[in-house]
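Visitor: Just passing along the structure, written as structure tokens.
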Amino acid sequence: MFTFSKYPNLKPRNLFAKRYGVHNEHLKRSMLQWSNEPIHTSLTRLDGGGVDPAAKKHATRIFKNILGYMGDRQYSYPILLAQEVTRCGLECPSVRDEIYCQLVKQLIDNPGKSSVSRGWNLMALCLSTFPPSDEFENFLELFLRTNHQERNVRKLHKIVYRGARAAPIAVEDIEQIQHRGSRFSIVMHDQATLNQFRETKGNY
């Protein structure tokens, strides 16, 4: 019932596969499985009422950051790329489900052991930073359970209960967490840290 491919807010494959008005069969096949190529559009519908107009632009950039952090593409400063993914999820709630969908995509049929490890690591970082929507929560939990990610299931439950963090996880913490997989716990920031984050938010 809550299989990832059945999530209602995913774009139809035929729509995702259209690029420059031309249908691309390769894009259709690879929409919901690992790829080392950047995506040209979002996996989810980001054109409804109440959606941040910047969400579409964020979506393609986020995927490049995910590719870079997971090592599927060689980009500079992968730790910073991971932080930018979590920061974007904090600042733009409209794109949170898109981020989780992109991570799920990259963890399906991924042939690289190191890439998979980093993918789960980034999933854990996101689950320690912001929750999915109520509509996507069950789909994400089923995917985690199917892949025996009990620690990440607990992180999911905790972030849904507590709500999003006040500020992104620090780069220094991400650097240390990278070697610990999903076996970490992040203390929620207090109001003073939240105010500091809001003051610097304009620099993003």
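What follows draws every value from the coordinates through simple rules; no lab data is involved. The structure presented is a predicted model; accordingly, all values stated were derived computationally and were not measured. Neighbour counts are summed over all protein chains in view; Cβ atoms, including those assigned to glycine, are modelled from backbone coordinates with ideal geometry.
Visitor: If each DSSP helix of 4+ residues adds -39,500 (n - 2.57) and the sum is divided by the residues in the chain, what number results at 222 nm, nearest 500 deg cm²/dmol?
Guide: -16500 deg cm²/dmol
Visitor: On to the next question. May I ask for the angle, rounded to the nearest 10°, between helix 134-146 and the longest principal axis of the chain, with both axes built from Cα atoms and the value confined to 0 to 90°?
Guide: That works out to roughly 90 degrees.
Visitor: What translational diffusion coefficient, in µm²/s and rounded to a whole number, does the Stokes-Einstein relation yield for segment 54-157 at 10 °C and a viscosity of 1.306 mPa s, taking the hydrodynamic radius as the Kirkwood radius over Cα pairs?
Guide: The calculation lands on 117 µm²/s.
Visitor: Another one. If I fit a long axis through the Cα atoms of helix 96-107 and take the longest principal axis of the Cα atoms of the chain, what angle between them do I get, 0 to 90°, rounded to 10?
Guide: The angle comes out near 70 degrees.
Visitor: Using only Cα atoms, find the angle between the long axis of helix 55-70 and the longest principal axis of the chain, and express it within 0 to 90 degrees, rounded to the nearest 10.
Guide: Around 80 degrees separate the two axes.
Visitor: Considering only Ser42, Ser30, Ser128, give the residue with the highest GNM mean-square fluctuation for the chain, with springs between Cα atoms whenever their separation is below 10 Å.
Guide: Taking springs between Cα atoms under 10 Å, the residue moving most is Ser30.
Visitor: Still on this model: Put a dot 7 Å past each Cα toward the Cβ at Arg154 and Lys6; how far apart are the dots in nm?
Guide: 2.9 nm
Visitor: For the residues Val95, Val153, Val171, what sequence is obtained by ranking on other C-beta atoms within 10 Å, fewest first?
Guide: Exposure proxy ranking, most exposed first: Val171, Val153, Val95.
Visitor: Take Asp134, Asp97 and order them by how many other Cβ atoms sit within 10 Å, fewest up front.
Guide: Ascending Cβ contact count within 10 Å gives the list Asp134, Asp97.
Visitor: Just to check I understand the Karplus step: with θ = phi - 60° and J = 6.51 cos²θ - 1.76 cosθ + 1.60, what whole-Hz values come out for segment 76-84, glycine and proline as x?
Guide: Each residue of segment 76-84 in turn: 6, 6, x, 5, 5, 5, 5, 5, 5 Hz.
Visitor: Considering lysine pairs in the chain that are 8 or more places apart or on different chains, how many have Cα atoms under 15 Å apart? Mind dumping the intermediate values first?
Guide: Numbers: Lys6/Lys105; Lys11/Lys28; Lys11/Lys56; Lys11/Lys105; Lys18/Lys28; Lys28/Lys105; Lys56/Lys64; Lys64/Lys105.
Counting lysine pairs in the chain gives 8.
Visitor: Which residue, Asn152, Asn65, Asn110, has the most motion in a Gaussian network model of the chain that connects Cα atoms within less than 10 Å?
Guide: Greatest mean-square fluctuation among the candidates belongs to Asn110.
Visitor: Here is a follow-up. Under a 10 Å cutoff between Cα atoms, tell me which one of Pro78, Pro38, Pro111 has the largest fluctuation in the Gaussian network model of the chain.
Guide: Taking springs between Cα atoms under 10 Å, the residue moving most is Pro111.
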